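Heads up, the thing below is written out as structure tokens.
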Amino acid sequence: MAVRLFEGKDHAASYLQYRVTPHEIISKIMSYMENNELYKLAVDVGCGPGKGTVLLAPYFTRVVGTDISQAMVERALAKNNPPNISYRHCPAEEIPFASGEVDLVTAMTAAHWFDRPRFLQEADRILRPGGCLALLSYTMDMILEYRDISNVLNDICREVLSRS
């Protein structure tokens, strides 16, 4: 079950001011993508005020940040964004894109709030073949469970963490 906190305007303002901006992580994520072309679409799920969302702009034709909190979306829209960035209000488990449409799905320090099995199913649905899912977290105390590949997903997470 998804957890719904941090939805007020004061929380959104605090997130914008104090949330870590993952500059160095974005280049690492992009190194896992198939090649160095300009990709079409990235979706940053649980984007909050969009601090990580804007970092994806140079790599994609279009970047969409989504958040369950309308206050977070409003805060993200209120700041100066590159022209290829937009934001949508929606839950992580119901991402409004067609199947196979998205090149990259990120959740930057947000996936621990999601109904992870439903979110992973939705990410799998919208990602194109060869697309990338990047979940950023402060810790590795999150276990991923999805179909019959749960162990593989968690092994990949541990491998990436060991390289950091």
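The values are calculated or read from the model by the stated rules, or taken from the named source; none is laboratory data. Owing to the predicted nature of the structure, the values given are computational and were not obtained by experimental measurement. All Cβ positions, glycine included, derive from the backbone under ideal geometry; neighbour counts span all protein chains shown. Heads up: the accessible areas ignore ligands, DNA and RNA and are worked out on the full protein's heavy atoms, side chains in. Shrake-Rupley method; radii C 1.70, N 1.55, O 1.52, S 1.80 Å.
If you go through the stretch 51-80 and keep only what is closer than 21 Å to GLU122 by Cα and in contact with a Lys or Arg (Cβ under 9 Å, 6 or more places away or on another chain), you end up with GLY52, PHE60, ARG62, VAL64, GLY65, THR66, ASP67, ILE68, SER69, VAL73. Residue-level analysis places SER99 among those that are within 22 Å of ARG116 (Cα to Cα) and either under 17 Å from the mean Cα position of the chain (by Cα) or at pLDDT 95 or above (or both). Of all residues in the stretch 86-103, those satisfying the criterion of being closer than 17 Å to ASP67 by Cβ and touching a Leu at 6+ places or on another chain (Cβ under 8 Å) are TYR87, PHE97, VAL102. Scanning the stretch 49-82 for residues that are over 19 Å from VAL102 (Cβ atoms), part of a loop (DSSP other than H, G, I, E, B) and touching a residue at least 60 places away in the same chain (Cβ under 8 Å) yields SER69, LYS79. The set of residues in the stretch 52-87 that are surrounded by fewer than 21 Cβ atoms within 10 Å (Cβ to Cβ) and more than 13 Å from ALA42 (Cα to Cα) comprises GLN70, ALA71, GLU74, LEU77, ALA78, LYS79, ASN80, ASN81, PRO82, PRO83. Among the residues here, GLU94 qualifies as in contact (Cβ under 8 Å) with a residue 24 or more places away in the chain and loosely packed, with under 14 Cβ neighbours inside 10 Å. For the stretch 102-117, the set of residues classified as crowded, with 20+ Cβ neighbours inside 10 Å, outside any helix (DSSP H, G or I) and either more than 14 Å from the chain's Cα centre (by Cα) or of a type in the set (D, E, K, R) (or both) consists of ASP103 only. The single condition among (1) open to solvent by 80 Å² or more (accessible area, probe 1.4 Å); (2) aliphatic (A, V, I, L, M); (3) at pLDDT 90 or above that ALA42 does not meet is (1).
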